[in-house]
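Peer 1: Here it is, the structure in full.
The values are calculated or read from the model by the stated rules, or taken from the named source; none is laboratory data. Note that this is a predicted model, so its numbers are computed, not measured. When we count neighbours, we look across all protein chains shown, and the Cβ atoms used for this are built from the backbone with ideal geometry, even at glycine.
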Amino acid sequence: MITRRAVLLAGASAGVLALSPSASLGRASRSVDTLPADAPVRRLSLSAREVDLPILGADKAVTKRFCAYDGMPFMTLRAPQGTRLMVDFKNDLPDPTTVHWHGIRVPNDSDGVAPITQKIIPPGGSFAYNVPLPDPGFYFFHPHCDETGQVGRGLVGLLLVDEPPERQVPFDLEHIIAVKDWRLGEDGQWLEMFTTEGASTAGTFGTVRAVNGLPTPPRRSAPANSDVRLRVIVADSTRVIDFGCDTDEAAVIAVDGQAITPFTFDKVPHGIWRMGPAMRLDVHVRMPEAGKEVKVYDYRSAEPYLLTTLVATESGKARTDFVPKALPIATEVPMPDLDHAERLDFLVQTAAGATAIAAPLPADDPLSKALIDSMCVGSATFWAINRNSWGAGPDLRLPPPLSTLKDGQSYILSITNATKQPHPMHLHGHVFRVLSSSKKKTMPPYVADTVMTEPNETVEIAFKATSGNWVFHCHILEHMDSGLMGWFMVV
């Protein structure tokens, strides 16, 4: 749903000269490929389009204009590690869009961020994405233009990258839990996705809680004493959850698709793992005896919200001690050199209006013009990083880079959340090591692409910079759309 402001912008931007993002930045960066040229290739066609679905049940009104890739809610792609996906994308939506491959170390020109890495894809338009899959794990893809509206209406796809057969860890059952609420009126039709009250606070929440698209939590059967792999994603625009299970025999084995030394939930505060939008978790659950159940909850609700019930059926497997299965650590992920890392400090803060302590790109700069032309802008400014806000509302300048980084150099980012709201912060094009938290003193070491920052918390992350222009933003989508996004120029 294009906002009224976007319609006005379309007229204002008519006739703007369209230059490539790298050319308009004036400092073209090479777009690094993370697989060799002879990597196996899988070619596929992908489209985004609208469908009508009975989200609330067959006896309820059909919800119109649901957004889905290839017309399938939560479309799931699966491919072997080391494969290159060559994706011919077609925009069959009535609105502009792009595709961002979240957590995948793609070349910068396939990152899907208009106007930083590509032009918008207009209705009826197409774009060829080069999506190498260098790392195993659980990832996803979504638009990066009108993201609040399009993701809010369902435009999310899942991407599972499997290790080679000889490195795979066997499980008896794999079950996906996609947390995604729907913002619907009693008539089953969409309500406004972006609200001033929500964007300036914790976000605008859905009116219908759902798991895997449906308001009834799933029930899955698995043999007694067997091993289940849960693959959990918060695909919502706003919701933060406290993930946990009602069994002691459950352990986290991967965060954001990256394998971790397994730990049981009794090793973290309150027995839960806090997850915000875009964050993923792999969990190993040992099933109980036949006839018993394991319940998986979001404990952040006033009453624990049931996400899934696992039902143990008869089995010939004997009961053994629970030992969490460790996934192979991905050695391909570039890790930072902490001994030689440069330090950078970033403050996430509220903004009374559009602010900038450094000069933005000039108004006549082609990239600034492309920002207006893209229509990938919000209608108000409430948030900032180091007093710089992404262009929104009447302030349609492109802010200067948060910092200019060097390709191959390691950096430690100190992120301080000086606001009253949590912010899951996502860095494009990289995975990073989470080093420390001023609040989570018992936090296990892990690697991720999105990290939760609580109010009045400082989190340190470290990464090795890769050439390109990469955005850094809060994944509560209304926060991103109202200023809480910046970008790094890596040269």
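Peer 1: Please go through the range 214-255 and give me each residue that is surrounded by fewer than 23 Cβ atoms within 10 Å (Cβ to Cβ) and of a type in the set (Asp, Glu), ordered by number.
Peer 2: 227, 242, 246, 248, 249 - these are the residues of the range 214-255 that are surrounded by fewer than 23 Cβ atoms within 10 Å (Cβ to Cβ) and of a type in the set (Asp, Glu).
Peer 1: Quick one: is residue 450 touching a Pro at 6+ places or on another chain (Cβ under 7 Å), crowded, with 21+ Cβ neighbours inside 10 Å, within 27 Å of residue 254 (Cα to Cα) and of a type in the set (Val, Ile, Thr)?
Peer 2: Values: touching a Pro at 6+ places or on another chain (Cβ under 7 Å): yes; crowded, with 21+ Cβ neighbours inside 10 Å: yes; within 27 Å of residue 254 (Cα to Cα): yes; of a type in the set (Val, Ile, Thr): yes.
Yes; evaluated as a whole, the condition is true for this residue.
Peer 1: Here's a follow-up. Being surrounded by 15 or more Cβ atoms within 10 Å (Cβ to Cβ) and within 24 Å of residue 163 (Cβ to Cβ) is the filter; apply it to the range 327-353 and report the residue that is modelled with the lowest pLDDT.
Peer 2: The extreme case among them is 330.
Peer 1: Right, another one. With in a strand (DSSP E or B) and either in the same structural domain as residue 242 (by TED's automatic domain parsing) or buried (at least 19 other Cβ atoms within 10 Å of the Cβ) (or both) as the only criterion, which of 178, 202 stands out?
Peer 2: Sole residue among the options that is in a strand (DSSP E or B) and either in the same structural domain as residue 242 (by TED's automatic domain parsing) or buried (at least 19 other Cβ atoms within 10 Å of the Cβ) (or both): 178.
Peer 1: Next question. Is it the case, given these coordinates, that residue 339 is without any contact (Cβ under 8 Å) to a residue 60 or more places away in the chain, within 24 Å of residue 449 (Cβ to Cβ) and not small (Gly, Ala, Ser)? Lay out the reasoning, then the answer.
Peer 2: On the way: without any contact (Cβ under 8 Å) to a residue 60 or more places away in the chain: yes; within 24 Å of residue 449 (Cβ to Cβ): yes; not small (Gly, Ala, Ser): yes.
Spelling it out, residue 339 is indeed without any contact (Cβ under 8 Å) to a residue 60 or more places away in the chain, within 24 Å of residue 449 (Cβ to Cβ) and not small (Gly, Ala, Ser).
Peer 1: Now for a different question. Is it the case, given these coordinates, that residue 51 is under 26 Å from residue 256 (Cα atoms), outside the structural domain of residue 190 (by TED's automatic domain parsing), β-branched (Val, Ile, Thr) and at pLDDT 95 or above? Outline the logic, then answer.
Peer 2: On the way: under 26 Å from residue 256 (Cα atoms): no; outside the structural domain of residue 190 (by TED's automatic domain parsing): yes; β-branched (Val, Ile, Thr): yes; at pLDDT 95 or above: yes.
Judged against the criteria, residue 51 is not a match.
Peer 1: On to the next question. Which residues, counting only those in the range 57-101, are charged (D, E, K, R), in a loop (DSSP other than H, G, I, E, B) and modelled with pLDDT of 95 or more? If you could, list the steps in order and put the result at the bottom.
Peer 2: Here is the first cut: in the range 57-101, the ones charged (D, E, K, R) are 59-60, 64-65, 70, 78, 84, 88, 90, 92, 95.
Now restrict to residues that are in a loop (DSSP other than H, G, I, E, B): 59-60, 70, 92, 95.
Correct list: 70, 92.
Peer 1: Taking the options 364, 395, name whichever one is surrounded by 15 or more Cβ atoms within 10 Å (Cβ to Cβ), acidic (Asp, Glu), over 29 Å from residue 434 (Cα atoms) and modelled with pLDDT under 75. Full working, then the answer.
Peer 2: Values: 364 fails: surrounded by 15 or more Cβ atoms within 10 Å (Cβ to Cβ).
After applying the criteria, what remains is 395.
Peer 1: A further question on this structure: Tell me, which residue of the range 466-491 that is in a loop (DSSP other than H, G, I, E, B) and polar (S, T, N, Q) is nearest to residue 199 (Cα to Cα)? First the steps, then the outcome.
Peer 2: Initially, the range 466-491 is screened for residues in a loop (DSSP other than H, G, I, E, B), giving 466-467, 475-476, 482-484, 491.
In the following step, the residues that additionally are polar (S, T, N, Q) were identified as 466-467, 482.
Details: 466: 31, 467: 32, 482: 7 Å.
Here the residue is 482.
Peer 1: Now for a separate question. Out of 268, 208, report the one residue that is of a type outside the set (Phe, Trp, Tyr), at pLDDT 95 or above and out of contact with any Lys or Arg (no Cβ under 6 Å at 6 or more places or on another chain).
Peer 2: On inspection, the qualifying residue turns out to be 208.
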